[in-house]
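Working notes for the structure below.
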Amino acid sequence: MNSLLIYGSYGYTGRLVAREAVSRGGTPIVAGRDGRQVSQQAAELGLEGRSFDLESPALASHLEDVDALLNCAGPFIETAEPLFEACLEAETDYLDITGEFPVFERFRRRDDVAREAGITALPGVGFEVVPSDCLAAFLHGQLPEADELALGITGSPTFSRGTAHTLLELLGTGVVRRNGRLVEVPTTFRTRQIDFGDGAEPAVTAPWADVVTAAHTTGIETIEVYVAVPPVAKPLLPLADVSAWLVDRTPVRRLLEQGIDALVDGPDEHQLATETAVVWGEARDSETGRSARARLRTPNPYALTVDAVLAAAERVLDAAHHVPAGFQTPASAFGADFALGLEGVERELVSTPGTSHRIEVSAADD
Ligand SMILES: NC(=O)c1ccc[n+]([C@@H]2O[C@H](COP(=O)([O-])OP(=O)(O)OC[C@H]3O[C@@H](n4cnc5c(N)ncnc54)[C@H](OP(=O)(O)O)[C@@H]3O)[C@@H](O)[C@H]2O)c1
């Protein structure tokens with residue numbers, strides 16, 4: 001039996017994942033809708049290639065001999081559903097690298113169906129949401145009575161083409177979690193000062209998927225996620241909703257899409273090797289005001305994604321790890337310390353009632 005099939009394997013992230021899987025001794029099947037690109041990649045890496053598109057009437061037949069599917073084809077709002085349906089039929093575990101909160105919400109609602117089929121549905125095993133989800137779980141462990149969670153992200157500004165297209169899809173969308181409900185809010189709804197390690201800096205709310213995943217992982221039902229604002233972008237914040245309105249006009253969207261295709265290429269080898277990111281979190285008990293804060297330092301988000309997806313796929317494929325069936329988040333599947341097992345990840349407990357500051361370094365750095 002073949003073990004892992006990577007769909008969207010010739011995109012920017014899929015290519016990095018397939019290449020690294022091979023260098024770790026793996027033999028995944030590479031797959032996607034463009035037969036020419038699949039064959040070329042399969043030949044280059046010495047792997048089996050499968051070409052099929054998502055409208056294929058017998059989608060599940062491509063997965064019947066596969067233990068787990070890793071979907072790297074985004075935007076996932078278009079690709080996750082047909083591939084998940086095929087996984088249910090083929091009884092194949094499903095993983096992806098989405099960061100789109102509506103996609104996580106759909107998976108959450110299909111938890112019972114995945115359980116019935118006996119498959120694991122594990123979206124978001126990339127930079128979004130592995131470190132933030134693991135940090136949420138860690139903070140919840142520090143302060144189990146917490147009922148509010150804030151997360152913040154800062155880091156590399158270099159995107160791949162697929163991420164830029166996905167961000168364009170989400171532009172104009174704001175969301176927070178309030179008392180168990182997802183609430184739509186204006187883009188950049190709230191600003192807060194966050195210390196990512198170099199002193200307080202402004203960050204604004206962003207539609208990150210932790211509003212769904214951290215609730216599943218921790219049970220905390222009031223969640224906001226912030227992203228740091230680069231100084232140059234600060235004066236533009238009041239224009240965020242106007243630009244979203246503009247982008248909704250078809251010619252402007254088309255122009256932006258063409259610009260992304262022409263100009264955006266993704267981080268190069270040097271950026272992958274040298275850039276870093278920081279995820280910050282605070283869990284708070286609103287009744288007592290007690291709180292716990294921590295930070296996770298990570299490598300470049302795409303470098304972390306490659307490491308995280310392969311570590312996640314390895315665990316799902318290895319029966320010894322007993323990854324449960326149904327909808328899972330990275331931390332519900334593997335625990336709060338999963339991120340610490342990835343290369344170059346460092347966790348810093350900044351403050352918690354009765355605990356002093358300490359730094360834990362990932363095992364991979366020892
Ligand atoms: N969670 C994270 O931290 C994280 C990290 C990295 C990337 N991502 C996400 O992953 C996605 C891919 O990123 P990327 O950088 O690899 O983008 P990319 O270079 O544009 O590659 C996208 C891949 O998806 C395929 N694809 C897109 N729509 C498809 C569809 N409807 N049917 C079949 N295949 C389809 C493309 O095939 P064609 O070329 O044939 O269109 C291509 O192989 C993006 O949504 C990005 O936001 C998330």
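The values are calculated or read from the model by the stated rules, or taken from the named source; none is laboratory data. Note that the structure is a prediction, hence the values are computed from the model and not measured. Every residue, glycine as well, gets a Cβ built from its backbone with ideal geometry; the counts of neighbours run over all protein chains shown. Each accessible area value is taken on the protein alone, full model and side chains, heavy atoms only, with ligands, DNA and RNA left out. Shrake-Rupley method; radii C 1.70, N 1.55, O 1.52, S 1.80 Å.
Would you please report the Å³ per residue occupied by the convex hull of the alpha carbon atoms in the range 48-126? Kindly include the intermediate steps, with their values, before the conclusion.
On the way: hull volume 6.9 nm³, N = 79.
Each residue corresponds to 88 Å³ of Cα convex hull volume.
If you find the alpha carbon centre of the range 307-348 and of the range 91-120, how far apart are they in angstrom?
Measuring centre to centre over Cα atoms gives 16 Å.
Compute the length gained on full extension between Ser39 and Gln271: take 0.36 nm times their separation in residues and subtract their Cα-Cα distance, giving the result in nm to one decimal.
Between Ser39 and Gln271, full extension yields 80.7 nm more.
Normalising by the residue count of the range 41-95, find the relative contact order in percent from Cα pairs under 8 Å and 6+ residues apart.
Here the relative contact order equals 38 percent.
How large is the translational diffusion coefficient of the range 170-231 in µm² per second when you combine the Kirkwood radius over alpha carbon pairs with Stokes-Einstein at 20 °C and 1.002 mPa s? Please list the in-between numbers first.
Numbers: Rh = 12.1 Å.
Result for D is 177 µm²/s.
Carbon and sulfur atoms: what percent of the 1.4 Å accessible area of the range 276-352 do they account for?
43 percent
What Rg and what Dmax come out for the range 1-94 when only alpha-carbon atoms are used, in angstroms?
12.0, 34
Can you work out the FRET efficiency for the pair Asp65 and Arg109, with r the C-beta to C-beta distance and R0 = 41 Å, to the nearest 0.05?
My answer for the efficiency is 0.90.
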